[in-house]
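The values are calculated or read from the model by the stated rules, or taken from the named source; none is laboratory data. The model shown is predicted, which means the values in this text are computed figures rather than measured ones. Here the Cβ is made from the backbone with ideal geometry for all residues, glycine too, and neighbour counts use every protein chain on show. Accessible surface areas use protein heavy atoms only, side chains included; no ligands, DNA or RNA. Shrake-Rupley method; radii C 1.70, N 1.55, O 1.52, S 1.80 Å.
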Amino acid sequence: MAKMGGSRHLKRLTAPSFWPILRKEYKWVVKPSPGPHPIERCLPLLVLIRDVFGYAENAKEARRIIVEGKVWIDGVPRKNYKFPVGLMDTVSFPDIDEHYRMVPHPVKFLWPIRIPKEESSLKLVRIENKTTVKGGHIQLNLHDGRNILIRVRNPTKPEEDVYKTMDTLLIRVPSQEIVDHIPFEIGNLAIVIDGRNVGRVGKIVEVKKGMGRHRTLVTLEDSEGHRFQTILSYVFVIGRDRPVIKVFES
């Protein structure tokens with residue numbers, strides 16, 4: 001995708017292709033604020049409310065809904081209409097008791113699906129990196145910009161450190177309490193988050209390691225027995241035999 005540069009504004013013609021906006025009728029569109037998701041993998045909150053959900057006819061109405069605190073992202077009311085909403089974020093409208101999750105979509109790339117209210121406080125996050133911090137504790141850096149600190153009793157033998165990069169955590173939001181840990185390993189279920197297979201779900205059957213995530217190939221097998229390949233960066237583990245929470249329309 002085209003680079004967006006450092007401007008505070010964004011031309012509609014250069015906006016990410018999956019944004020459901022009119023490209024030629026108007027010149028400018030709201031640009032997401034710097035935040036938890038990169039611009040090529042998110043939707044600004046205003047576009048989500050106006051163009052995806054259709055809860056507003058224009059930008060003014062959308063901004064009013066947002067500034068009144070009627071839209072919650074991951075359990076927190078967000079009043080910035082430029083707030084970037086991205087992969088696996090939960091979007092809630094408490095006033096009307098509607099809850100959604102942003103998931104990979106085969107056609108629309110990133111799209112909300114309706115989820116039960118009890119799942120609105122749960123979120124899947126992928127471990128992108130991990131570092132050792134002062135005191136020998138482990139910091140997990142997650143795909144949505146979060147950091148979770150794993151406290152270690154004995155730094156010379158960190159038994160609490162069972163986490164690896166590319167593993168997935170099921171957490172509660174906004175508390176960030178870890179509910180479950182799903183390792184990236186053969187036999188577990190994953191969804192593709194980018195590339196030509198975006199939105200496809202399958203079990204991991206083979207990993208051919210290369211230099212880095214973009215050269216490591218992962219083979220998955222879908223429920224009908226069809227196998228397909230993608231790169232490691234595009235694989236997001238969602239469960240063992242089945243997804244731990246709803247991440248696609250059944």
Plugging the Cβ-Cβ distance of residue 240 and residue 206 into 1/(1 + (r/R0)^6) at R0 = 25 Å yields, to the nearest 0.05, a FRET efficiency of 0.90
What distance in nm separates the two pseudo spin-label positions at residue 248 and residue 147, each 7 Å out from Cα along the beta-carbon direction? 3.4
Reported to the nearest 10 Å², residue 249 has, with a 1.4 Å probe, an accessible area equal to 110
Is the range 2-135 best put as rounded, prolate or oblate by its Cα gyration tensor, with a ≥ b ≥ c the root eigenvalues, rounded for a/c under 1.5, and otherwise prolate when a/b is larger than b/c, oblate when not? oblate
7 Å from Cα along Cα→Cβ at both residue 14 and residue 95: what's the point-to-point distance in nm? 3.6
Simple spin-label model, 7 Å along Cα-to-Cβ: residue 58 to residue 107 in nm? 3.0
Which Cα, out of 21, 201, 69, lies furthest along the positive dipole direction of the chain (beta carbon charges, K/R +1, D/E -1)? 21
For residue 224 and residue 162, FRET efficiency with R0 = 41 Å and r from the beta-carbon atoms, rounded to 0.05? 0.75
Using modelled amide H (1.01 Å from N, peptide plane; none on Pro or chain starts), what sits under 5 Å from the amide H of residue 111, excluding residues fewer than 5 places away? 103, 105
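Charges at C-beta only: +1 for Lys and Arg, -1 for Asp and Glu. How large is the resulting dipole of the chain about its Cα centre, in Debye rounded to 20?
For this selection, approximately 1120 debye.
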Output ³J(HN,Hα) for the range 158-163: one whole-Hz value per residue in order, computed from phi by the Karplus curve 6.51 cos²θ - 1.76 cosθ + 1.60 with θ = phi - 60°, and x for Gly and Pro. x, 5, 6, 8, 9, 9
Post the alpha-carbon centroid distance, the range 189-249 to the range 154-184, in whole angstrom. 20
Here are a few candidate values for volume of the Cα convex hull per residue in Å³: (1) 150; (2) 126; (3) 192. Which one was actually calculated from the structure I just gave you? (1)
Distance between the C-alpha centers of the range 78-151 and the range 37-74? Whole Å please. 16
If eta is 0.890 mPa s and T is 25 °C, what Stokes-Einstein diffusion coefficient results for the range 126-250, Kirkwood Rh from Cα pairs, in µm²/s? 159
Within the range 145-250, list the trypsin sites (Lys or Arg not before Pro) lying in a DSSP loop whose Cβ has at most 13 other Cβ atoms in a 10 Å radius. 151, 153, 164, 196, 209, 215
At a 1.4 Å probe, what is the % contribution of carbon and sulfur to the accessible area of the range 192-244? 44
Signed unit charges on C-beta, dipole axis of the range 143-250, positive-most listed residue 156, 234, 169: 156
Under a Cβ-only charge scheme (Lys and Arg +1, Asp and Glu -1), can you give me the dipole magnitude of the range 116-166 about the Cα centre, in debye to the nearest 20? 160
